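Novice: Next up is a structure, given as structure tokens.
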Amino acid sequence: MISRSSMLGVFPTKPLGDVVEFLDSIRRPVTESERRTGPYPYYGANGQQGTIDDFIFDEPLVLLAEDGGHFDDPERGIAYRVSGKTWVNNHAHVLRPNAEMDLAFLCRVLENYDVTPWVTGTTRGKLTQAGAAQIVVPVPPLPEQRRIAAILDKADELRAKRRAAIAQLDILTQSIFLDMFGDPATNPKGWPIRTLAQFYVNQEEGTKCGPFGSALKKSEFESDGVAVWNMDNIDPSGRMVMPFRMWISESKYRQLEAYAVANSDVIISRAGTVGKMCVASTGGTRSIISTNLIRLRFGPDLLPLYFVSLMTYCKGRIGRLKTGEDGAFTHMNTGILDTLNFPYPPLELQERYATIFQSLEKQKSQHVTQLAGLNVLVASLQHRAFRGEL
């Protein structure tokens, strides 16, 4: 993350409004229902939002989030480059650099900038044009800007390759699953259909909703202690995410031990983004589920990894977990899961898939570790570059 202090080095600085022209008056929003798909990209605060059949701009530009951007987590990016025929809605500022500012350099300065000092609003942060114009940016000589941008572009290219490798491994894993088992929505291999409740370790422990607010209040969370699972600990791709961010005391854990998580339990989100799930890998660390989660615990005849992959890769997964007549998620409950029907292949085939999955996960883990190292490198390069130390 880049802050204003990161800019205070040997280079002169100027307010953003002095080195760019804001083209915000030209941009036009189009509702999704009115937008006709076409050959031109349609951009918003966080990148491309789809396509459209017309364009407004036709030149290289920098887009900077106005509202709805990742202002609380700028590492995710709040600015990006566009070029060619494009359409931009009113959620992103459109910046045309002047003659003393290189476009690629400007984007590198802004993309991970902590702009919260200039953001207004409490529930939904907004970076107004007036606020954006005051953002402090370094202005080295143009040749130096281009040299810095080239170095950062090269480092980012390495990150992009790692991300691509990770994405390809995810695609390969899904492809292997569908090849071995077929699409669970249509069950082309004719596996017998079973009900999930048949595989619980027992009825008492098999399924458990997280403790409700009265049992676990926010005021009872500690800075350390026994870990509490939250929605953030489940990745949409079906994997557990670390680290934990919430804890409770030992005495509170003893009160809520019925909600404890064991190794290989399946954890499912039941509110908010409903239906995210993963297999818990506790490593001996004690933890419990929070209010918006459900814990499933299976006996030996169903591999948790097979079930999570089935629900994650199945084209009809959302349809299987709907709770409203209109097909929209409202909430998840144990009753829905108890009666869930799904194809059940032989246990030996589930085990073979698990072996392949774990082998691919090792490769993915290596790429993730390397990507984390590259992220640290890029952050270091940014700080040094904008202070004139690169």
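The values are calculated or read from the model by the stated rules, or taken from the named source; none is laboratory data. Nothing here was measured: the structure is a model prediction, and the numbers come from that model. Neighbour counts are summed over all protein chains in view; Cβ atoms, including those assigned to glycine, are modelled from backbone coordinates with ideal geometry. Surface accessibility is based on the protein's heavy atoms, side chains included, excluding ligands, DNA and RNA. Shrake-Rupley method; radii C 1.70, N 1.55, O 1.52, S 1.80 Å.
Novice: Taking only DSSP H segments of four or more residues, each worth -39500 (n - 2.57), what value at 222 nm results for the chain once the sum is divided by all its residues, to the nearest 500 deg cm²/dmol?
Specialist: -10000 deg cm²/dmol
Novice: Shifting gears a bit: With +1 on each Lys and Arg Cβ and -1 on each Asp and Glu Cβ, and nothing else charged, work out how big the dipole of the chain is about its Cα centre, in Debye to the nearest 20.
Specialist: 340 debye
Novice: If a/c stays under 1.5 just call it rounded; otherwise compare a/b with b/c (prolate if a/b is bigger, oblate if not). Do that for the range 110-187, with a ≥ b ≥ c from the square roots of the Cα gyration tensor eigenvalues.
Specialist: Taking the square roots of the gyration eigenvalues as a ≥ b ≥ c, the range 110-187 is oblate.
Novice: Read phi for every residue in the range 247-263 and hand back ³J(HN,Hα) as whole Hz from Karplus 6.51 cos²θ - 1.76 cosθ + 1.60, θ = phi - 60°, with x for Gly and Pro.
Specialist: Running phi through 6.51 cos²θ - 1.76 cosθ + 1.60 with θ = phi - 60° gives 9, 10, 6, 4, 5, 5, 4, 4, 5, 10, 4, 4, 9, 5, 9, 9, 4 Hz.
Novice: Given R₀ = 45 Å, what would the calculated FRET efficiency be for L178 paired with T13, taking r from the Cβ atoms and rounding to 0.05? Provide the component values of the computation, followed by the final result.
Specialist: Values: r = 54 Å, r/R0 = 1.19.
FRET efficiency, L178 to T13: 0.25.
Novice: Rounded to whole Hz and in sequence order, give me ³J(HN,Hα) for the range 68-84 from the Karplus expression 6.51 cos²θ - 1.76 cosθ + 1.60, θ = phi - 60°, writing x for Gly and Pro.
Specialist: Values per residue, Gly and Pro as x: x, x, 7, 5, 7, 8, x, 4, 7, x, 10, 9, 7, 8, 9, 7, x Hz.
Novice: Keeping the other protein chains in place, figure out the carbon and sulfur percent of the accessible area of the range 206-262, with a 1.4 Å probe.
Specialist: The value for the range 206-262 is 51 percent carbon and sulfur by accessible area.
Novice: Okay, moving on. When the accessible area of the range 1-110 is computed with all protein chains present and a 1.4 Å probe, what percentage of it is carbon and sulfur? Before the final figure, lay out each step's value.
Specialist: Details: 2300 of 5050 Å².
Roughly 46 percent, rounded to a whole number.
Novice: Which residue fluctuates most in the GNM of the chain (Cα springs below 10 Å): L374, L110, L142?
Specialist: Highest fluctuation among the options: L142.
Novice: Further question: Where in the chain are the DSSP H helices whose alpha-carbon span along the long axis reaches 27 Å or more and whose Kyte-Doolittle mean is at least -1.0? Don't jump to the answer; show the numbers that get you there.
Specialist: Numbers: long enough: 142-181 (57 Å, 0.01); 347-386 (57 Å, -0.18).
Helix filter hits for the chain: 142-181, 347-386.
Novice: Same structure, new question: Rounded to the nearest 0.05, what FRET efficiency do R163 and R245 give with R0 = 25 Å and r taken as the Cβ-Cβ distance? Could you check?
Specialist: 0.55
Novice: Right, here's the next one. Among (1) 29, 26, 22; (2) 44, 25, 22; (3) 35, 22, 21, which one is semi-axes √(5λ) of the Cα gyration tensor in Å computed from these coordinates?
Specialist: Step by step, semi-axes √(5λ) of the Cα gyration tensor in Å for this structure corresponds to label (2).
Novice: Excluding residues on the same chain fewer than 8 positions from K362, give the aspartates and glutamates whose Cα lies under 20 Å from its Cα.
Specialist: Cα-Cα hits under 20 Å: D170, D235, E351.
Novice: So which of K161/K218; K14/K161; K252/K364; K161/K208; K189/K276; K252/K276 end up more than 31 Å apart by C-alpha?
Specialist: In this structure, K161/K218; K14/K161; K252/K364; K161/K208 exceed 31 Å between Cα atoms.
Novice: Compare the Cα positions of A130, Q358, S214 along the charge dipole of the chain (+1 at Cβ of Lys, Arg; -1 at Cβ of Asp, Glu; about the Cα centre) and return the one farthest towards the positive end.
Specialist: So the residue we want is Q358.
Novice: Using modelled amide H (1.01 Å from N, peptide plane; none on Pro or chain starts), what sits under 5 Å from the amide H of R387, excluding residues fewer than 5 places away?
Specialist: Excluding prolines and chain starts, which carry no amide H, there are no hits.
Novice: Next up: How much FRET efficiency would the formula 1/(1 + (r/R0)^6) give for A379 and A354, where r is the Cβ-Cβ distance and R0 is 35 Å, rounded to 0.05?
Specialist: 0.45
Novice: If you count only protein heavy atoms with a 1.4 Å probe, what accessible area per residue comes out for the chain, rounded to a whole Å²? Kindly include the intermediate steps, with their values, before the conclusion.
Specialist: Values: 18800 Å² over 390 residues.
Per-residue value: 48 Å².
Novice: Any chance you could check the Cα centroid distance between the range 253-298 and the range 340-378 for me, in angstrom?
Specialist: If you average the Cα positions of each part, the centres end up 20 Å apart.
Novice: Ordering R76, R295, R35, R96 by how much accessible area each has at a 1.4 Å probe, largest first, what is the list?
Specialist: So, going from the largest accessible area down, we get R76, R96, R35, R295.
Novice: Amide H neighbours of C278 under 5 Å, at least 5 residues apart or on other chains, H built in the peptide plane: list them.
Specialist: I267
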